[in-house]
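This report concerns only the one structure given below.
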Amino acid sequence: MSKNGSGCRRELVRSSGLVTERQRTQPMVGQIADVSNAYQDISKDFVIGSRTAWQEINAAGGIRGQRVRHLVIETDGSAAQADSAWKQLREDDNCIASFGSCADSLAVYLTNKNSAERNELAHAAPWLQNSAIDIERGTFPIFSTREAQIQHALQSMSNVGINGLTVVYKNERDVLANTLDIQRIAKNLKLTLKQMPVQADLIAQARQISATQVPLVLFVGGTPELVQFMQGWNRSGGIRYIVALADVNLQTALQMSGGKHVPVIGTQAVPVVSSSIQIARRFRAALAKYFDEPPTALSLAGYVSARYTATVMQSAKSLTRASVYEAFSRRSTMDLDGFRIEVENGRLQSAFVTQSMMSLDGRVIG
């Protein structure tokens, strides 16, 4: 919950739509979030981090001495609402950039939409995990892709000699969204790939898989689904691992499951929130000041998304949509208080990735 009453509760608050006349003249940044059941756990933390950053930025005088209004538009996951939200931002003359769209499926949809429209509304720092999407123009990602996350996790386990990967999806929607991406990743990493059919009962599926000698499982789903999968895992001989991607909160999974089922490697597209890296320290201080919320990797990601957007906006010739778009178009490599974003010819080449592990003794390490 917000400490000053202007933020949001743990669940996202619906906007009243009331905007003062003074706010109407302020430069505005828009953020579109998918708060459907499938993605609300991701979006609520990501938006809290973004709100924290903009409160901090405005409290310090804004950008070029102007306060920036942060508008969050919530959608139900449908294309119709995504289209409506994007149209609202595109047609608002005060909207100088869109940033931090989340979760991944929405970020992919808006990336394709913005590229096709070829307008000057920058789509900055979305929670974009898909590594198969071809970004032609208009979208300026900063977070590591699934490929980078999986590669990082596998490289850290290279001494184990694993050469196969079994993939478990939480639903058919994720299969359609991720199959081509993961097939390409497996091919690039020279891994034998086995994709399991979707099962409604993840506990039963975990029992089935743990009865085999599968050494490594990539779980594509959120925190609640991972917990169900872990609860069905029967410990057996041999080395076993589950790799979960950046949409999963290992601390929450540990609290919900009690751990002690199977080691889980959780990849992260941002630093560990407890780290001494300056961006993490700055985030923890701001979050404690503005919200009664525990820090998570996803809220740190939302904070980083907003801070990056603000930093590029600061370099624009003026706070207009065209000038901000031009500033993003000429962006280069940046170190954002320890969060490094490698850019070459305007395209993201590599981004920050790290990992934590939920160990068998019930601890999150890293």
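Observations on the structure shown:
- The candidates T309, T252, T192, arranged from most to least accessible area with a 1.4 Å probe in the full protein assembly, appear as T192, T252, T309.
- Segment 292-353: C-alpha gyration tensor shape, a/c 1.5 cut-off, then a/b vs b/c: oblate
- For segment 124-225, the gyration tensor built on C-alpha atoms gives an oblate shape. Its axis ratio a/c (a ≥ b ≥ c) is at least 1.5, and a/b is not larger than b/c.
- Computed on the Cα trace of segment 49-93, the radius of gyration divided by the Kirkwood hydrodynamic radius gives Rg/Rh = 1.11.
- Taking amide H as placed 1.01 Å from N in the peptide plane, the amide H of G221 sits under 5 Å from that of L245, each at least 5 places away or on another chain.
- Converting the Cα gyration tensor eigenvalues of the chain into ellipsoid dimensions via √(5λ) gives semi-axes, longest first, of 35, 21, 19 Å.
- Rounded to whole numbers, the Karplus 3J(HN,Hα) couplings from phi for segment 144-154 are 5, 7, 4, 4, 5, 5, 5, 4, 4, 5, 6 Hz, using 6.51 cos²θ - 1.76 cosθ + 1.60 with θ = phi - 60°, and x at Gly and Pro.
- For V167, residues with placed amide H under 5 Å, excluding near neighbours: K194, Q195, M196, L218
- As a rough guide to protection, the peptides 285-293, 59-67, 127-135, 97-105 ranked by mean Cβ packing within 10 Å, highest first, stand as 97-105, 127-135, 285-293, 59-67.
- Segment 16-138 shape via C-alpha gyration tensor axes, a/c threshold 1.5: prolate
- Two-decimal Rg/Rh across segment 226-366, once Rg and the Kirkwood Rh are taken from alpha-carbon atoms: 1.08
- Close amide H contacts of F339 (hydrogens built in the peptide plane, cut-off under 5 Å, sequence separation of 5 or more or a different chain): I279.
- Estimated vicinal HN-Hα couplings, Hz - segment 38-54 in sequence order (Karplus 6.51, -1.76, 1.60; Gly, Pro = x): 5, 10, 4, 5, 6, 5, 4, 6, 4, 5, 4, x, 5, 4, 4, 5, 5
- Inter-part distance, segment 275-326 to segment 190-267, computed on C-alpha centroids, equals 32 Å.
- Rolling a 1.4 Å probe over the protein heavy atoms gives the chain an accessible area of 42 Å² per residue.
- Placing unit charges on the Cβ atoms of the charged side chains and taking the dipole of segment 212-342 about its Cα centre, the candidate lying farthest along the positive direction among L216, T320, M230 is T320.
- Take every DSSP beta bridge whose two residues both sit in the chain; close to 35 percent of them are antiparallel.
- For the chain: relative contact order, % (alpha-carbon pairs under 8 angstrom, 6 or more apart): 19
- What separates the Cα centres of segment 44-72 and segment 341-357 is a distance of 24 Å.
- Whole-Hz ³J(HN,Hα) from phi, Karplus 6.51 cos²θ - 1.76 cosθ + 1.60, for segment 338-346, glycine and proline x: x, 9, 9, 10, 8, 10, 10, 6, x
- Per-pair calculated FRET efficiency, R0 = 41 Å: D335 and E117 via Cβ, rounded to 0.05: 0.80
The values are calculated or read from the model by the stated rules, or taken from the named source; none is laboratory data. The model shown is predicted, which means the values in this text are computed figures rather than measured ones. As a convention, Cβ positions derive from the backbone with ideal geometry for all residues, glycine included, and neighbour counts pool all protein chains shown. The accessibility values were calculated without ligands, DNA or RNA, using every heavy atom of the protein model including side chains. Shrake-Rupley method; radii C 1.70, N 1.55, O 1.52, S 1.80 Å.
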